[in-house]
1. With respect to B:M98, determine if the residue is touching a residue at least 12 places away in the same chain (Cβ under 8 Å), within 18 Å of the chain's Cα centre (by Cα) and away from chain A (no Cβ under 14 Å).
2. Scan segment B:247-264 residue by residue and report those that are under 16 Å from B:R402 (Cα atoms) and facing chain A (nearest Cβ under 10 Å).
3. Looking only at segment A:168-193, count how many residues are closer than 28 Å to B:L245 by Cβ and of a type in the set (G, A, S).
4. What number of residues in segment A:130-146 are touching an Asp or Glu at 6+ places or on another chain (Cβ under 7 Å), away from chain B (no Cβ under 14 Å) and not charged (D, E, K, R)?
5. Go through segment B:41-66 and give me each residue that's part of a loop (DSSP other than H, G, I, E, B) and among the acidic types (D, E).
6. Could you tell me whether A:L157 is at pLDDT 90 or above, surrounded by 17 or more Cβ atoms within 10 Å (Cβ to Cβ) and of a type in the set (A, V, I, L, M)?
7. Scan segment B:296-306 and tell me whether some residue there is buried (at least 17 other Cβ atoms within 10 Å of the Cβ), in contact with a Lys or Arg (Cβ under 9 Å, 6 or more places away or on another chain) and in a loop (DSSP other than H, G, I, E, B).
Amino acid sequence: MSDGTKGTGGTKGAPGNGDTNGTGGVNGTGAAKGADGVNPDQDLNAQNLPGQRGDHGEVIGTRRGMFGASGGGDTSGYGGLVRSVRMPGATSRPYGGWFDEVADELEGALDEQGLVPENVIEKTVVDRDELTFHIEREYLPAVARTLRDDPALRFELCTGVSGVHFPGDKGRELHAVYHLRSITHNRLIRLEVSAPDADPHVPSLVSVYPTNDWHEREAYDFFGLIFDGHPALTRIMMPDDWQGFPQRKDYPLGGIPVEYKGAQIPAPDQRRSYT
Amino acid sequence: MSTSHATPRETTEGTVYTVTGGDWDEIAAAAARTDDERIVVNMGPQHPSTHGVLRLILEIDGETVTEARCGIGYLHTGIEKNLEFRTWTQGTTFVTRMDYLTPFFNETAYCLAVEKLLGITDEVPDRASVIRVMLMELNRLSSHLVAIATGGMELGATTIMIYGFRDRELILDIYELITGLRMNHAYIRPGGLAQDLPPGAVDQVREFVKKMRKNLVEYDKLATGNPVFKGRMQDIGYLDLAGCLATGATGPVLRSAGLPHDLRKTQPYCGYEHYDFEVPTADTCDSYGRFLIRLEEMRQSLRIVEQCLDRLAPGPVMVGDKKIAWPAQLAMGPDGLGNSLDHIKKIMGTSMEALIHHFKLVTEGFRVPPGQAYAAVESPKGELGVHAVSDGGTRPYRVHFRDPSFTNLQAMAAMCEGGQVADVIVAVASIDPVMGGVDR
């Protein structure tokens, strides 16, 4: 969607919930299609729509309607609202503060090893005063080793790995997020790698940061991320014979309805909820 | 040689099988032929000195531990998954139950992450931050008291145990006065606190600081110079600086290796840069050093609590943003804590908009812009990190807790292998793992 069409559609006022760089993506009147007032999926690609809220960042899903509740009838008039959910996108230089210094040192050190930084670092994101390097997964151990050993970088402490599952981020559904702390320079950065659901392999960092042993087992246990090179990748929290990976988004929370003061309270994932 | 199968026999209670396996004789004979005393022992998961349901799998040769491994997960309750099905505010009710000995640290770390995502870190009122610091430092005291008390009990020093729990009780009384609960408080909320300090809280904390100063001396007298205590603790659970960094150990374990790394000093949060305190270290790398560090940290915590009381100035305890802050302070009614009658009168009687707003905020919650944030606090056990991801909705998309107990427990094998079985207990106690935090 191009920004050039911004402002041509929106007959309804855009809701002002922190919208800074777009018009809120309110759809047109819907007169062209869909007489019922709800736009079908393909409307997202139509040319006569206003710009989405920022056209950068990775799309991880879409949100429909104004209030997030589904299943009820739309009495608000906002039922046709379609917005894409985007994570903060790539940042261009300068990143500000010591971020540039770390990025320069890392790129320089990778160059020395004969690696092309553009191939290794998919993108760099600066958001909420935090620096994130998105790394191509096959280069992760090399990058981590460089970050640990280079005297100008010296990220000696890894605080483990956190898995995140984005079913809507096609081709890169599973993310592994590492936070590295430099005690020497008093800095904290984040590394992020992604893997598709169909091929959930990420190189293990245990050889660089032995502390990741249990953390990688945990991420495997809950997300099914397979860390190649881990000395003993087994389940750590769930029983050894457990089926499935509980913290993936397609894995149900479970639970049973409970009676409370005469009323049936549905299980937490069955209740009316808002997104 | 007996028969190689079990023979059934009918009784009034049902069928009884007499097991007389043939191969057991062979196994016993084979075991008798080898002259080593190598056996594998399961210590736990139900063992009084394993801090909850921790299972230690020890391969021992006589009294020497040749290999040690942990089995964890017995207390896994799926808190991280559950968070994804509640609002951001309800999250504090869950995270406070992770490491149940450090509830205020869990709550603060979580709230700092949510506030970072919301971009309101600087808008949290001073009074809220001061009360957060005060509760965290009281919590550091109560957590270290349990560590020292149970650690002492595991050595057979029951007096230390009694002293520790006696003093912890004083702190739990303060919690109860301020939050209404002895544990699982959910008192610290994204944006500030659930409510202000009740009347009398400041006086009670002041009274406590005075009393605790006197009581702390008793631990010194009882344990610090005690030859039996030192004999059991010194050079036990050895882990040097390289070992700490490799295994990711933080907190007293790291500081006992001589590195004065404390997030309160290096990456201050909640205004820690305004407080005057020392970061104690030791260079012994052993359990005794960790004990001394905990003792000194308790003294420093008392100093910080005192400074908090002096810094407490009247003011709000919640951000001013009405889209985040719940519309009313709670008040004590005849049926317990609830919305104040004034607020109910307003929303039910005079303002339809206020009623709608209240209803939407409480049932639906607030939205958090998409993105991710990492917030870390120095818990009594080390770096407690929270990685929170939002997809722009009213519920957390993913929250991961990097619990220091979980990470530090990995160092158990390095501390115990090659030592005596009895010293495993001392080494594990010096890590001070809490399984609620390890398994989450």
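1. Working: touching a residue at least 12 places away in the same chain (Cβ under 8 Å): yes; within 18 Å of the chain's Cα centre (by Cα): yes; away from chain A (no Cβ under 14 Å): no.
No: the conditions fail for B:M98.
2. B:T247, B:G248, B:A249, B:T250, B:L263
3. Of the residues in that region, 2 qualify.
4. Qualifying residue count for the region: 1.
5. Taking segment B:41-66 and keeping what is part of a loop (DSSP other than H, G, I, E, B), we get B:44-54, B:62-63.
Once the filter is applied, which keeps residues that are part of a loop (DSSP other than H, G, I, E, B) and among the acidic types (D, E), segment B:41-66 yields only B:E63.
6. Numbers: at pLDDT 90 or above: yes; surrounded by 17 or more Cβ atoms within 10 Å (Cβ to Cβ): yes; of a type in the set (A, V, I, L, M): yes.
Against the criterion (at pLDDT 90 or above, surrounded by 17 or more Cβ atoms within 10 Å (Cβ to Cβ) and of a type in the set (A, V, I, L, M)), A:L157 qualifies.
7. No: segment B:296-306 contains no residue that is buried (at least 17 other Cβ atoms within 10 Å of the Cβ), in contact with a Lys or Arg (Cβ under 9 Å, 6 or more places away or on another chain) and in a loop (DSSP other than H, G, I, E, B).
For (1) assigned to a strand (DSSP E or B); (2) within 20 Å of A:E101 (Cβ to Cβ); (3) of a type in the set (D, E, K, R), each residue gets a yes or a no:
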site	(1), (2), (3)
A:L153	no, yes, no
A:V164	yes, no, no
A:I189	yes, yes, no
A:D197	no, no, yes
A:L205	no, no, no
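The values are calculated or read from the model by the stated rules, or taken from the named source; none is laboratory data. As the structure is a prediction and not an experimental result, all values here were calculated from the model. Positions of Cβ are generated from backbone atoms using ideal geometry, with glycine treated the same way; all protein chains shown enter the neighbour counts.
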